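Report on the following structure.
The values are calculated or read from the model by the stated rules, or taken from the named source; none is laboratory data. Small disclaimer: the values here were computed from a predicted structure and weren't measured. Ideal geometry is used to build each Cβ from the backbone, glycine not excepted, and the neighbour counts take in all protein chains shown.
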C-alpha cells in the first residue's frame, strides 16, 4: 500500500459521481505538513485491539491450543495480518475522505442504513448482558465471599456507564492503555511460566490443517479481535485529532503496533493451551467460564499468586472490551443519528474530526445508546435469553464482518475515495480474502445456531 497522499476531491468544484458522490480528484503532490510516524502518537489502535479481544476469544484460542498444540500457530499470524488490513482500510477511509464510515455506507444505498439500524439495536441489547457477565466472572473468583455474579455484573455495567458518560476520549484512551499493559504482562508471563517449546512454535508457522481443525483454524484467523469495534477505529482516529491524509503514516504505525500486540496475546494463549492443557489432556468449558477453569489449573500448577494475577488479567481483558464498546459503538450510533438527521446532502453533514467526535460524546444519541447498552440487558442476567433474540443476534452478528469487508472493498475502489488513497492490489487481496473468510465463518455460525 503506497504511503502517498492527495487531496480529498470533495470540494465545491468536484463533479458528482454515482449516487451523488463527488468524484475524487486526480493524484497531486503530497499534502504539506505530512506527519512522520512516531511511537508517541500510538493510541487508537491499542483501544480497538483491546476492545475486540474478549474473554471468549481467548478461551477459543486456548481450546485450539489444547486440541492441536502448536499446529495452528500459522493461523494466528494470518489472523493478525487480516485485522491489520481491515483496520487500516477503516482508518484510511476516514483520513482520506474527511467523512465517517457511516457516510460511506449511506452512499451505497438505503439497505446499509436498514441493516445497521437493526443490528446495532439487537446486538447492543444482547452484548450488554454478555459484557457485564464476562467482567463479573473474574471479580467473583477473586472475591468468592462477596456478592454473587448478577450483582457484580450490574456493578461493572454501572461503572462502565459512569466512566464513559463523564469522560471523553483522552481519558478513555489512557485507561484502555493501562488495561492493555496489564493484559500483555499477565498473558506473556503465564506463557513464559509454562515454558514454551520454541521448536514446535516455529514448526507451527508452516500451514498445516489437521483433521477436525477447520473450524478452529477459521476461528483463529477471523475471530479474535473481529467485531463491530473494528468499524469504530475510524471514529477513535478522529477523536485523537487525526482528521486528514497527513496523518496516514501515523495511523498505519498505530494500527500495526496494536494488532501485532494482539498477535502476541493470541500466540501466548495458544502456547498456554498447548503446554498446559494439550500435554495434560485438560478440557476447558466453552465461553468465558473457560478462563475460570484455567485459573484453577494455574493455581494447582503454579500457586495462588499466579492464579490471582491471571484473574486480574482476565478482568482487564473483559472490562476493556466493555468500556470500549460502551464508548465506540455509542459514537457510531451518535454518528448514525447525526447523518440521518442531516439527510443525503453532503453540505449538511459535519466533517469527521475531533470537534465532531467531542460533540457526539456529549450528545443525547450517544447517551441514549449508553443507557441501552447498560440497563435493558440487565433483564437478561435473570432470564434465559429469549430464543428469537438469540437467533437474531447470531445471524446479524455473523453477517457484520462480511458486511464490513465487502463495503470497504466497494468504497475504497470507487470515486468516493481520492485516487491516491484507493486500494492497491495488496489491499484488495487482503480485504477480498477477509470477506471470503468471514463469509465462511458466517455460514458456519448460522448453521450452528439453535434453530
Item to check | Verdict on residue 273 being in contact with a helix residue (DSSP H, G or I) (Cβ under 9 Å, 6 or more places away or on another chain), modelled with pLDDT under 80 and part of a helix (DSSP H, G or I) | outcome: no
Checklist entry - So which residues in the range 202-221 are crowded, with 22+ Cβ neighbours inside 10 Å and under 19 Å from residue 264 (Cβ atoms), if there are any at all? => result 204, 219, 220, 221
Checklist entry - So which residues in the range 80-104 are surrounded by fewer than 24 Cβ atoms within 10 Å (Cβ to Cβ) and not in a helix (DSSP H, G or I)? => result 98
Item to check | Among residues of the range 67-79, those that are surrounded by fewer than 24 Cβ atoms within 10 Å (Cβ to Cβ) and assigned to a helix (DSSP H, G or I), counted | outcome: 4
Checklist entry - Only one of these conditions is not met by residue 241: (1) crowded, with 19+ Cβ neighbours inside 10 Å; (2) under 24 Å from residue 361 (Cβ atoms). Which number is it? => result (1)
Checklist entry - Out of (1) closer than 17 Å to residue 97 by Cα; (2) modelled with pLDDT of 90 or more; (3) touching a helix residue (DSSP H, G or I) at 6+ places or on another chain (Cβ under 8 Å), the odd one out for residue 349 is which? => result (2)
Checklist outcome for this item: Checked 280, 245, 285 against criteria (more than 23 Å from residue 153 (Cβ to Cβ) and modelled with pLDDT under 85); the one match is 280
